[in-house]
Amino acid sequence: MATTRSAHTVWEGNLLEGNGVVTFDSSGAIGEQPVTWASRAQEANGKTSPEELIAAAHSSCFSMAFSNILNKAGTPPTKLITSADVSFQPGEGITGIHLTVEGTVPGIDEAAFQAAADEAKVGCPVSQALKATPITLTAKLA
């Protein structure tokens, strides 16, 4: 069954001095989040950015895909800790994403863990949606 998730942003003012509020409509799980150009191109200062939202989506999607791949191989993970770093260069855009995962997976060796992580990196739906962006990965067993 297909699903659709929704969010919306209300933006006021010009790019450099304006500000916005992102609202997560589908779940309501995350309260309204402020966003500004400065939070995107400089310091966050308590505000989010499109890149942070992409990082959250990518780290959670990768973790789900990786967990599924490991489980199907007969080595379900006890724990996966995944971070995503999305790089943004003003005037150029998103220049890359680096995924880092550390996992506790009984009964697997480092090579099999790395192979499964590589498969998840390529196959997770967010990676697929972002495949025009270079995506790198560091994976290690805990």
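The values are calculated or read from the model by the stated rules, or taken from the named source; none is laboratory data. All figures in this text were calculated on a predicted structure; none of them were measured in a lab. All Cβ positions, even for glycine, are placed from backbone atoms using ideal geometry, and neighbour counts span all protein chains on display. Only protein heavy atoms, including side chains, enter the accessible area calculation; ligands, DNA and RNA are left aside. Shrake-Rupley method; radii C 1.70, N 1.55, O 1.52, S 1.80 Å.
Near the amide H of Leu130, under 5 Å away, which other amide H atoms are found, from residues 5 or more places off or on another chain, if H is placed in the peptide plane?
Correct list: empty.
Which distance in nm do the two modelled labels at Phe24 and Thr133 give, with both placed 7 Å along the Cα-to-Cβ direction?
So the label points at Phe24 and Thr133 sit 1.8 nm apart.
Between 0 and 90 degrees, rounded to the nearest ten: what's the tilt of helix 110-123 against the longest Cα principal axis of the chain?
Its long axis makes an angle of about 40 degrees.
Which one, Ser83, Val122, Leu53, is farthest towards the positive end of the dipole of the chain when Lys and Arg carry +1 and Asp and Glu -1 on their Cβ?
Checked the options; the winner is Val122.
With θ taken as phi - 60° and the coefficients 6.51, -1.76 and 1.60, list the Karplus ³J(HN,Hα) couplings across the range 133-142 in order, rounded to whole Hz; mark glycine and proline as x.
Karplus-based 3J(HN,Hα) across the range 133-142 equals 9, x, 10, 10, 8, 10, 10, 8, 7, 6 Hz.
When DSSP beta bridges are limited to those with both residues in the chain, what percentage is antiparallel, rounded to the nearest 5?
Once the DSSP bridges in the chain are tallied, antiparallel ones form about 70 percent.
Which whole-number value in Å² is the accessible area per residue of the chain, probe 1.4 Å?
In whole numbers, the chain has 60 Å² accessible per residue.
Take peptides 7-19, 23-35, 122-134, 52-64 and line them up by average Cβ neighbours within 10 Å, highest first, as a rough protection proxy.
52-64, 122-134, 23-35, 7-19
Please find the FRET efficiency linking Thr100 to Asn14, where r is the Cβ-Cβ separation and R0 is fixed at 30 Å, and quote it to the nearest 0.05.
Step by step, r from the Cβ atoms, then E = 0.25.
Which whole-number percent is the relative contact order of the chain (Cα, under 8 Å, 6+ apart)?
Reported as a whole number, the value is 17 percent.
Identify the residues of the range 120-140 with backbone N under 12 Å of a label point that sits 7 angstrom from the Cα of Asp85 along the Cα-to-Cβ direction, or state none.
136-138
Mind sorting out which of (1) 164; (2) 113; (3) 131 is the real volume of the Cα convex hull per residue in Å³ computed from the coordinates?
Computing volume of the Cα convex hull per residue in Å³ and matching it to (1) 164; (2) 113; (3) 131 gives (3).
Taking Cα atoms, how many degrees apart are the long axis of helix 50-72 and the longest axis of the chain, rounded to 10 and kept between 0 and 90?
Taking the Cα atoms of the chain, the angle to 50-72 is about 20 degrees.
Net charge within 15 Å of Ala117 by Cβ-Cβ distance, Lys/Arg positive one each and Asp/Glu negative one each, not counting Ala117 itself? Kindly include the intermediate steps, with their values, before the conclusion.
Values: positive: Lys72, Lys79, Lys121, Lys140; negative: Glu102, Asp109, Glu110, Asp118, Glu119.
That sum, taken over residues with Cβ under 15 Å, equals -1.
Can you give the calculated 222 nm mean residue ellipticity of the chain, where each DSSP H run of n ≥ 4 adds -39,500 (n - 2.57) and the sum is split over every residue, rounded to the nearest 500 deg cm²/dmol?
So the calculated ellipticity at 222 nm is -10000 deg cm²/dmol.
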